[in-house]
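Asker: If you scroll down you'll find the structure; I have some questions about it.
Every number here is computed from the coordinates shown, using simple stated rules; none is lab data. These numbers were taken from a predicted model, which means no experiment stands behind them. Here the Cβ positions follow ideal geometry from the backbone for every residue, glycine too, while neighbour counts run over all protein chains shown.
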């Protein structure tokens, strides 16, 4: 993902059509590093500008954002200068990741002045800078002193300039032949040579250009022949003409229903991979808003689930350590039969033992071999036999008790692993609420009710994923153990088919038959691939999946939520896939 120069060029063209000639009616600063400008130009537009180090963004948004009651100093400065100001132009200097908005306003004396807002979308160096007509910095949303950057200060009174950290060629100013010759003179792989040589091209675009030129991105520059460079020249010429004409096609690459990459031109490089799909958008602002909101939502869920992950991981480590000790204790009890044999042999042959001896040798009638039995010299032979019987009985009782504890620990560990797996595909607050409730009910978390949120009890519970096959069959996938419990034991009927990844944590998958006796093999394969995807084996190439009629799935008394047993089943080998295109939104 990258806000490269071509993407910014698409944004600039979009803003030129919407904003030029409009007037700024409202300025707010909803975040310390973000601005929101409301502009009226036949219609009302809201321009969101963010200089966040982790999420720089500039796009038109449909709704207002809440602003603090007291406006920050930078926001007050802009209000002073730009209230009711008119937008003259929106420009991009030479495909840099910079947008300049020139604005005309009246000063205190009533004279016309022209100032600029410069939005720099450069990762951690992103900034929003306010300059006068001489490109002198009036102020910026993030001030940069000499202590922070030795390349350029961004402080009031300092001249504004674009830092030239490297001499790059221009996609628009230089010819395609010059760009190709520049790449030919580089060393290393072709992809890196393209995006480090030409301004405005990101690694994603470099891969796209090489794909259109039928060149491998990992190919060394020195290994590329003249024919390959000719195709690369044509790709450069095509991209330059596309930017000049403004023939952009904002699109986003999706994998398993989540955005992976975006660009202002079609990304044909992903067309060879069946796991990826391309989603088109009417504008770059719409694309960026969708992409960043989706990414932000995933990040927010990850952050909110961090505490639950730590709780589950700590519990798993504790139970695993306890299980290891229990298995060591059980291994120590395996020598109990030796003590029993010692007692039996001493009882049988002890009459021939010499009193006060430290050992006794006799024939073991179980294998007809000689055996030497250690003796306590201070005890009689019969007392030694009694002592060995007592040690045998103690180890036997210990083994029986430890066996029970080992079974409980293994069941607890298996349950915790299913909870951890549920956290890996939790997508919203309701998923986390179900998992938190399960951990609380099982004693891993203390009960806590947020009294400040009176609507908490009204929040709807999360629902299983619902898929509908092209043949019209419904498939349901549990998103956590409580859903697995409800889905298997209350929702599914006895004639429905039940799927689960074999021997690993995963979701319960139910294929509703609706009384249909004959179900196509493709439907079974699809349900199996969903069971494989929603399991800990989702990253594998193939996963073995058990499936059987739901009536043969049983829950032992007292078992943890989602735990079941079955004894007769079929198996299939499935490729993990989410099949997001079949997901039913309810």
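Asker: Per the Cauchy relation, a quarter of the hull surface: what is the mean projected area of the convex hull of the alpha carbons in the range 206-287, in nm²?
Answerer: Over every viewing direction, the Cα hull of the range 206-287 projects on average to 6.0 nm².
Asker: When 224, 362 are ordered from fewest to most other Cβ atoms inside 10 Å of their Cβ, what list results? Write down the numbers at each step before the final one.
Answerer: Numbers: 224 21, 362 16.
The order, fewest Cβ neighbours first, is 362, 224.
Asker: What would the Debye formula give as log10 I(q)/I(0) at q = 0.05, 0.08, 0.11, 0.13 Å⁻¹ for the alpha-carbon point model of the chain, no solvent?
Answerer: Listed by q, the Debye log ratios stand at -0.40, -0.80, -1.14, -1.27.
Asker: Could I ask something else about it? Dividing the convex hull volume of the alpha carbon atoms of the range 189-327 by its residue count, what do you get in Å³ per residue? Present the calculation step by step, with values, prior to reporting the outcome.
Answerer: Numbers: hull volume 24.9 nm³, N = 139.
Roughly 179 Å³ of hull volume per residue.
Asker: I would also like to ask the following. Scattering from the C-alpha atoms of the range 216-261 alone, worked out with Debye: what is log10 I(q)/I(0) at q = 0.16, 0.25 1/Å?
Answerer: Ignoring solvent entirely, the Cα scatterers give -0.72, -0.87.
Asker: Taking N as the number of residues in the range 260-360, what is its Cα Rg relative to 2.2 N^0.38 Å?
Answerer: Values: Rg = 34.3 Å, N = 101, 2.2 N^0.38 = 12.7 Å.
Normalised by 2.2 N^0.38 Å, the Cα Rg of the range 260-360 equals 2.70.
Asker: Go through 57-65, 367-375, 438-446 and give me the packing order, highest mean Cβ count within 10 Å leading.
Answerer: Ranking, from highest mean packing down: 57-65, 438-446, 367-375.
Asker: Is the C-alpha gyration tensor of the range 1-80 telling us rounded, prolate or oblate? Criteria: a/c under 1.5 is rounded; beyond that, a/b larger than b/c is prolate, otherwise oblate.
Answerer: oblate
Asker: Among 398-407, 42-51, 196-205, what's the highest-first ranking by average C-beta atoms within 10 angstrom per residue?
Answerer: Highest mean packing first, the order is 196-205, 42-51, 398-407.
Asker: How high is the relative contact order of the chain? Use alpha-carbon pairs under 8 Å, at least six apart in sequence, and give a whole percent.
Answerer: So the answer I get is 8 percent.
Asker: For a quick protection proxy, order the peptides 521-531, 327-337 by their average other-Cβ count within 10 Å, most packed first.
Answerer: Output ranking for 521-531, 327-337: 521-531, 327-337.
Asker: Could I ask something else about it? Please compute the alpha carbon radius of gyration of the range 5-140, then divide it by the globular-protein estimate 2.2 N^0.38 Å. Two decimals is fine. Please report the intermediate quantities before stating the final value.
Answerer: Numbers: Rg = 13.9 Å, N = 136, 2.2 N^0.38 = 14.2 Å.
The value comes to 0.98.
Asker: Extension gain residue 296-residue 67, at 0.36 nm per residue separation less the Cα-Cα distance, in nm?
Answerer: Result: 80.5 nm gained on full extension.
Asker: Taking just the C-alpha trace of the range 463-582, give me its Rg and Dmax in Å.
Answerer: Values for the range 463-582 (Cα only, Rg and Dmax): 13.0, 39 Å.
Asker: Hey, another quick one. Could you check the spin-label model distance between residue 582 and residue 241? Points 7 Å from the Cα along Cα→Cβ, value in nm.
Answerer: Reported label-point gap for residue 582 and residue 241 is 4.3 nm.
Asker: Can you check what the Kirkwood hydrodynamic radius comes to for the range 324-450, Cα pairs only, in Å to one decimal?
Answerer: 18.8 Å
Asker: Another question, then. In Å and from the alpha-carbon atoms only, list the Rg and Dmax of the range 95-174.
Answerer: Reported Rg and Dmax, both Å: 14.3, 45.
Asker: Per 5 Å bin, what is the whole-percent P(r) computed from every C-alpha pair distance within the range 395-554?
Answerer: 1, 8, 15, 18, 17, 14, 10, 8, 5, 2, 1, 0, 0
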